[in-house]
Amino acid sequence: MERDAFLKDLLSRMTLEEKAGQLNLLTGTMDATGMKDSADLEEKIRTGHCGAVFNVFTPAATRALQEVAMASRLAVPLIFGYDVIHGHRTIFPIPLGLSCSWNLALIQRCAQAAAAEAAADGLHWVYSPMVDISQDPRWGRVAEGSGEDPWLGAEIARAMVHGYQGENLAAPDAVLACVKHFALYGAPQGGRDYHTVDMSRRAMVETYFPPYQAAIEAGARTVMTSFNEIDGIPASGNRWLLTELLREQWGFRGWIVTDYTAVSEMKNHGTAGSDAEAAQQALEAGVDMDMVSECFIAALPSLVKSGVIAEALLDAAVLRVLATKWDLGLFQAPFARCDEARARAVNGCEAHRDLAREAGREAVVLLKNDGLLPLSQSTKVAVLGPLAASGRDMLGCWIAAGVGGISALEGIREVAEVTEDWQAAEVLILVLGEDWEMHGEAASRTSIRLPKEQRKLARELLETGKPIVLVTLSGRPLDLSWEVQKFPAMLHAWALGSEGGRALADVIFGIAAPVGKLTMGFPRNVGQVPMTYREKPGGRPFDATQKYTSKYLDVENDALFPFGYGLTYGTLQHGTVWLDRPRMAAGESLTLFAELENEQEIPITETVQWYLRDLVATVSRPVKELRGYQRVTLQAQERRVISFKIQDADLSFPGRDLQPRIEDGEFEAMVGPNSRDVQVVRFWRVSLEN
Ligand code: BGC
């Protein structure tokens, strides 16, 4: 039967309770991701009071609940969701780490593999991508996002949505993406999770919205609300946000789910006096599905019966959910994903493990190298530190159904001679940083230094005089100001996933050269945060010769390791930068050229970045903004000229009315290996009409 006719007929046969049931998302007990459990899950499914379930996976467990749903009065199948954040069984680097690859094709392949594993394990829906921009490393959830930059964040958001959803949702390896957390969740005051967000509309439009919007444009079928308020109204009850902006302006056609118990949390925010009031506010704001709080199922039927809420509003939400169930093929084949043989073949398969190793290698960022790295495989090494032998910490936060994880020690042992007695070792590899519980949700920190006892260990080992490679794991930028003065070589390895230790060993021993570039700057100390390379110039930009300019007394303004920073083995010479013409007319483009030279005897790979500055505009513009990049590999002794196109779209910014605008005037284009070390050329945009 044709979809619309089928859904119309189904809807006409549903009671108000069954309709509200489709909007009721409950949690199972195979994982715990929030404060409240869902009681009597099976009974609620049997009576049509539950439309979707999360935290339940495997063909057997999802089949068991789907059978209950298919035996309910109208036999409406369930959707199964889960927090597949950086892989399902095979775990890829944490998203912040993977974003440092700047490799969109790789990121998309990881999302595809995660989707295939999730779908093979009975799931239809992943709570990813998390696209919250954040400039605050105190916030533990920076681990789940792609860093500080809206332009790169938008590119990554698109790649992930395409990777998860593919071309056809009913395909056995596709899942629904869920863009989260809408919106602004990455800017809680003081970096404290779940805390208040208070932001100008300009900051929303310029910095925080672009990745959400990109994900919607890429076709993401669902959106999750954030816990925070926006202009005093919690996101889950914010009609401006969910209906006027997301649906009407951005054209979102899918369904909106709240975050965990966010509907009832409106009582804590102090904007609803009861669950019923919260339910009404959420539905009227544009929410379709209530995660765990059960306010919808408890209140919506009577709110409709008493005429407080129009039934048409409820129907519209129900239809959005049912239409997606149809598109997933659930009405035709509710058990299609409950296939044990497929789960065995796909989950943790060799191809995905290989991909995890490749992704792990690309996520590693070389922060410093006095020439100690790469080590030769014949070097006798000792692998030390509290995280050296931990596979779990290599996986990081939010690991879904992932297990295992290759530790640094295990990975290094496979390629080199590891000495048990550190005194006999020629080089020490010291693995320090955050364990997996120190980042992610509900893991904010006011210190972003290495833990005290780890610094003590570092001091003691430095006193031995042996050369030490410092490897740091973490889910956030760290303050490594002390370490950078002491250690000859430093690799930042985030949490690299299932094959993490092997990927790390590949980089340490030069089997692969490091290519990672930071997507969030590492500050000099926590007092600088929140911070971004995209800062505004202000009226008194820093001038070392002038007292009354913007600065700190005790530390430089910029990051210790800036956005876009990352070394590799060997250094490319960045030569002249020039433009084909000094002026562009409206609608024209310019070509920006950069000369690169590899004077060494090994191939060198570099991600070359270009940034823009609008020098005079009707609103103040950032001192630089990423506009493009290219990863290039130059062979030994190769010289090459690369080029970027500068187009009108690159010059667009939100004008005084926050609408996109392109203005004439003078601009700077900057090219370099990171956001700090750039060469600058100037050009003019001049409209033909003028
Ligand atoms: C998190 C979400 C997650 C949800 C479901 C919440 O606590 O904020 O990111 O998707 O739980 O587990």
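Quick notes on this one:
- Subset of the range 293-334 [among the β-branched types (Val, Ile, Thr), open to solvent by less than 40 Å² (accessible area, probe 1.4 Å) and over 13 Å from Gly21 (Cβ atoms)]: Val304, Ile309, Thr324
- Checking each residue in the range 241-260 for being among the charged types (D, E, K, R), open to solvent by less than 40 Å² (accessible area, probe 1.4 Å) and outside any loop (DSSP other than H, G, I, E, B) picks out only Arg247.
- Count - residues of the range 561-599 that are open to solvent by 30 Å² or more (accessible area, probe 1.4 Å), among the hydrophobic types (A, V, I, L, M, F, W, C) and within 24 Å of Asn369 (Cα to Cα): 1
- Of the residues screened, Thr27 is not one that is within 16 Å of the ligand (Cβ to nearest atom), outside the structural domain of Gly391 (by TED's automatic domain parsing), open to solvent by 10 Å² or more (accessible area, probe 1.4 Å) and not aromatic (Phe, Trp, Tyr).
- Apart from one condition, Leu74 fits all of (1) assigned to a loop (DSSP other than H, G, I, E, B); (2) away from the ligand (no atom under 16 Å from the Cβ); (3) crowded, with 24+ Cβ neighbours inside 10 Å; the exception is (3).
- Pairs with Cβ under 7 Å, 6+ apart, first in the range 19-44 and farther than 17 Å from Leu78 by Cα, second within 13 Å of the ligand (Cβ to nearest atom) and of a type in the set (Asp, Glu): Thr33/Asp83
Per-residue answers, yes or no, for (1) open to solvent by less than 10 Å² (accessible area, probe 1.4 Å); (2) within 16 Å of the ligand (Cβ to nearest atom); (3) touching a His at 6+ places or on another chain (Cβ under 8 Å):
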| position | (1), (2), (3) |
| --- | --- |
| Thr47 | no, no, no |
| Pro59 | yes, no, no |
| Ile79 | yes, yes, yes |
| Tyr82 | yes, yes, yes |
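Residue-wise test of (1) open to solvent by less than 20 Å² (accessible area, probe 1.4 Å); (2) under 29 Å from the mean Cα position of the chain (by Cα); (3) of a type in the set (Phe, Trp, Tyr); (4) assigned by TED's automatic domain parsing to the domain that holds Val680.
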position: Thr519; (1), (2), (3), (4): yes, yes, no, no
position: Ala544; (1), (2), (3), (4): no, no, no, no
position: Lys547; (1), (2), (3), (4): no, no, no, no
position: Val555; (1), (2), (3), (4): no, no, no, no
position: Asp558; (1), (2), (3), (4): no, yes, no, no
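- Residues in the range 43-62 that are farther than 26 Å from Asp9 by Cα and outside any strand (DSSP E or B): Asn55, Val56, Phe57, Thr58, Pro59, Ala60, Ala61, Thr62.
- Qualifying positions in the range 266-282 - under 21 Å from Thr222 (Cα atoms) and open to solvent by 10 Å² or more (accessible area, probe 1.4 Å): Gln280, Gln281
Yes/no matrix, rows are residues, columns are (1) surrounded by 24 or more Cβ atoms within 10 Å (Cβ to Cβ); (2) small (Gly, Ala, Ser); (3) at pLDDT below 95; (4) under 24 Å from Asp650 (Cα atoms):
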site	(1), (2), (3), (4)
Ser128	yes, yes, no, no
Asp132	yes, no, no, yes
Glu144	yes, no, no, no
Asp149	yes, no, no, yes
Ala154	no, yes, no, yes
Val161	yes, no, no, yes
Gln165	no, no, no, no
Pro172	no, no, no, no
Phe182	yes, no, no, no
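- In this structure, Lys536 does not qualify as over 18 Å from Glu483 (Cα atoms) and either within 24 Å of the chain's Cα centre (by Cα) or open to solvent by 90 Å² or more (accessible area, probe 1.4 Å) (or both).
- Criterion violated by Leu176 - all others in (1) crowded, with 21+ Cβ neighbours inside 10 Å; (2) within 22 Å of Glu148 (Cα to Cα); (3) within 15 Å of the ligand (Cβ to nearest atom) satisfied: (2)
- Residue within the range 219-226 that is part of a loop (DSSP other than H, G, I, E, B), surrounded by fewer than 24 Cβ atoms within 10 Å (Cβ to Cβ), under 21 Å from the mean Cα position of the chain (by Cα) and small (Gly, Ala, Ser) present: yes
- Val263 free of Cβ contacts under 8 Å to residues at least 60 places away in the same chain, within 16 Å of the ligand (Cβ to nearest atom), assigned to a loop (DSSP other than H, G, I, E, B) and crowded, with 19+ Cβ neighbours inside 10 Å: yes
- Scope the range 648-677; condition within 28 Å of the chain's Cα centre (by Cα), closer than 17 Å to Tyr611 by Cβ and crowded, with 16+ Cβ neighbours inside 10 Å; matching residues: Asp650, Leu651, Phe653, Ala669, Met670, Val671, Gly672, Pro673, Asn674, Ser675, Arg676
- Wholly within the range 566-681, strands (runs of 3 or more DSSP E) carrying at least 1 residues that are among the β-branched types (Val, Ile, Thr) and within 22 Å of Glu155 (Cα to Cα): 590-597, 604-614, 625-634, 639-646, 665-672
Residue by residue, here is whether (1) more than 16 Å from the ligand (Cβ to nearest atom); (2) under 19 Å from Ala214 (Cβ atoms); (3) β-branched (Val, Ile, Thr) holds:
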site	(1), (2), (3)
Glu155	yes, yes, no
Arg158	yes, yes, no
His162	yes, yes, no
Gln165	yes, yes, no
Asn168	yes, no, no
His181	no, yes, no
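- Count of residues meeting criterion [hydrophobic (A, V, I, L, M, F, W, C) and open to solvent by less than 10 Å² (accessible area, probe 1.4 Å)] in the range 404-426: 3
Residue by residue, here is whether (1) of a type outside the set (Gly, Ala, Ser); (2) more than 30 Å from Gly232 (Cβ to Cβ) holds:
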site: Gln280; (1), (2): yes, no
site: Glu294; (1), (2): yes, no
site: Ala317; (1), (2): no, no
site: Asp327; (1), (2): yes, yes
site: Glu340; (1), (2): yes, yes
site: Gly348; (1), (2): no, yes
site: Leu355; (1), (2): yes, yes
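- Single condition Ala503 does not satisfy, out of (1) touching a residue at least 60 places away in the same chain (Cβ under 8 Å); (2) under 20 Å from Ala389 (Cα atoms); (3) in a loop (DSSP other than H, G, I, E, B): (3)
- Every listed requirement among (1) over 21 Å from Met289 (Cα atoms); (2) open to solvent by 10 Å² or more (accessible area, probe 1.4 Å); (3) touching a residue at least 40 places away in the same chain (Cβ under 8 Å) is met by Ser101 save one, (2).
The values are calculated or read from the model by the stated rules, or taken from the named source; none is laboratory data. Worth saying up front: this structure is predicted, and the values here are computed from it rather than measured. Here the Cβ is made from the backbone with ideal geometry for all residues, glycine too, and neighbour counts use every protein chain on show. The protein model used for the area step is the full one, side chains on, heavy atoms only, and it has no ligands, DNA or RNA in it. Shrake-Rupley method; radii C 1.70, N 1.55, O 1.52, S 1.80 Å.
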